[in-house]
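Here is the structure we will look at, set down as structure tokens.
The values are calculated or read from the model by the stated rules, or taken from the named source; none is laboratory data. It should be emphasised that the depicted structure is a prediction, and the values quoted were computed from it without experimental measurement. Glycine also receives a Cβ, built like all others from the backbone with ideal geometry; neighbour counts cover every protein chain displayed.
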Amino acid sequence: MEYINNNELLAAFNNQTDHSIAVYNPHDDSIVGYIPSLSIEDINHKIERSKVAQQEWQNTTASHRATILNKWFELVTEHSDELAQIMTLEQGKPLTEAKGEVVYGASFIKWFAEEAKRTYGDTIPAPAAGKRLMTTKQPIGVTASITPWNFPIAMITRKVAPALAAGCSCIVKPANQTPLSAYAIAELAYQAGLPKDLLFVINNHSSVLVGDLLCHHEDIKKLSFTGSTEVGRALLKQTADTIKRTSMELGGNAPFVVFDDADIPAAVQGAIASKFRNAGQTCVCANRFYVQDAIYDEFVDQFVSAVSQLNVGYGLEVDTHVGPLIDSKAKDSILALISTTLQQGAKLQYGGDKLSGNYLQPTVLTDVSSNMDIVQTEIFGPVAPVIRFEDESDLIKQCNDTIYGLASYFYTKDIQRAFRVADTLEFGMVGINEGIISTEVAPFGGIKQSGFGREGAKQGIEEYLNTKYICFGNL
Ligand code: SIN
């Protein structure tokens, strides 16, 4: 903690009690702070209060809600350095990336403050004389969000800001690995004037227990989850009992394709950003690289040279590009995957070293073929398998041969190919000559087993609204 001075938000996490959950720094597994483990009774009580508060909140004007959200945005921006430090301490990502995430997270608050005022209904041409038909939009009610450790702030604001803007209340269950950012950002919402009962952050030693409670609770009308496909599937089954609205942002297996007419330096730059952001622990990370035969060697040379420039280290140190993995379990499973891929015939082109602690050197594997396990696995770490391809139509089949459908990327200068390939890739998001596609103004989400629902953009607030149809007769 020698790097941290005067972080008032962090100071709130010193209280250790019999029931607290310790939060660890992935850099050295030291304790960063503590949060309370709430009992089931406590959580039920908070849901009851949330329900009462929501009934009042839904009757406020959109401009009132926007004013509070805008104030929240200002406070998050003002405290961005403190928030970024907390994030790096509990999550491990380099401080510059953490700052980037705070800005990204804040952008959803501002965006949905604006969208609050645009939840329009329709008037519908009536099918008979003497009738008027219309629709209005109403908030769903009490919502629950279960959020992951890889983006401790942005995944919360991307759900909570549209929910609050729409007139809903929020129960947030952040990952037990990274809850401090969640509590800190909620504290800023209260300081912005948000009534406390509209936003509760809850944790328990057992995330499974909390998930179970939220999924089965009658008063929770919507569950939004970001995390693995496996957990999403289990949550969906549990929400079936109460027929809840759900949004699922699940796993990905993004192909990153470099065609032989691509701008290779631009593709290398995009590949580095897409693959090694957050040490590769991102659902939209490039997961498998397909490089066309004629430029394969040139791309690999330039890519490896760029990878060798990445500094691995503690996120609070300047010049760190790649931080630690979240924990030793994550590291062990990635090391096992590298070893399997090498046994299956791939070549270790760069990296693979077992650095100490939770650190892993950025790794490039070449001579990878589409039948290897790594091609069907969401790696969630700084490992880049590179596959050689010749033919475009066969390439598209390989790209689409996955249960996932979140992000995809390709590099080409051919405009016809750009449209043709974008149309045939079975993914919710496509980056063309671009490795970073996330922004609050565009709809983020997947198809196939990467889930459903869209976050951000004009679509994001719809996830928290019901459409009511009203028919006036006998006019
Ligand atoms: C994610 O990994 O789930 C989110 C990444 C992003 O928003 O860019």
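Observations, loosely collected:
- Here E74 does not fit the description of being among the charged types (D, E, K, R), free of Cβ contacts under 8 Å to residues at least 24 places away in the same chain and either under 20 Å from A182 (Cβ atoms) or touching an Asp or Glu at 6+ places or on another chain (Cβ under 9 Å) (or both).
- Residue-level analysis places A457 among those that are within 14 Å of the ligand (Cβ to nearest atom), at positive phi and at pLDDT 95 or above.
- Yes/no for I272 being under 30 Å from E230 (Cβ atoms), part of a helix (DSSP H, G or I) and within 16 Å of the ligand (Cβ to nearest atom): yes
- Residue check for A330: free of Cβ contacts under 8 Å to residues at least 60 places away in the same chain, within 16 Å of the ligand (Cβ to nearest atom) and either closer than 21 Å to Y104 by Cα or not in a loop (DSSP other than H, G, I, E, B) (or both): yes
- Hey, L194 more than 16 Å from the ligand (Cβ to nearest atom), on the phi < 0 side of the Ramachandran plot and assigned to a helix (DSSP H, G or I) or not: no
- Meets criteria (assigned to a helix (DSSP H, G or I), surrounded by fewer than 20 Cβ atoms within 10 Å (Cβ to Cβ) and within 18 Å of the chain's Cα centre (by Cα)) for E298: no
- Matching residues, region 103-160, being of a type in the set (D, E) and touching a residue at least 24 places away in the same chain (Cβ under 8 Å): E114, E115
- Answer residue from region 213-270, given it is touching a His at 6+ places or on another chain (Cβ under 7 Å) and of a type in the set (S, T, N, Q) and is nearest to P148 (Cα to Cα) among those: Q238
- Residues of region 246-262 satisfying the condition of being away from the ligand (no atom under 14 Å from the Cβ) and closer than 17 Å to A422 by Cβ: P255, F256, V257, V258, F259, D261, A262
- Of the residues making up region 20-51, just one is part of a strand (DSSP E or B), of a type in the set (S, T, Y) and touching a residue at least 60 places away in the same chain (Cβ under 8 Å), namely Y24.
- Test: residue in region 385-407 that is in a loop (DSSP other than H, G, I, E, B) and on the phi > 0 side of the Ramachandran plot: no
- Each residue in region 279-321 was checked for being within 16 Å of the ligand (Cβ to nearest atom) and of a type outside the set (G, A, S), and 6 of them qualify.
- Single match in V312, V291, V304 (criterion: touching a strand residue (DSSP E or B) at 6+ places or on another chain (Cβ under 6 Å), in contact (Cβ under 8 Å) with a residue 24 or more places away in the chain and crowded, with 23+ Cβ neighbours inside 10 Å): V291
- Residue within region 439-448 that is touching a strand residue (DSSP E or B) at 6+ places or on another chain (Cβ under 9 Å), surrounded by fewer than 20 Cβ atoms within 10 Å (Cβ to Cβ) and not assigned by the TED database to the domain that holds V268 present: yes
- Being in the same structural domain as V142 (by the TED database) and free of Cβ contacts under 8 Å to residues at least 24 places away in the same chain is a condition met by at least one residue of region 243-254.
- Condition check for Q58 on (1) closer than 24 Å to E455 by Cα; (2) surrounded by fewer than 22 Cβ atoms within 10 Å (Cβ to Cβ); (3) touching a Ser or Thr at 6+ places or on another chain (Cβ under 7 Å): one failure, at (3).
- Filtered residues of region 203-245 (kept if within 16 Å of the ligand (Cβ to nearest atom), surrounded by 18 or more Cβ atoms within 10 Å (Cβ to Cβ) and of a type outside the set (A, V, I, L, M)): S224, F225, T226, G227, T229, G232
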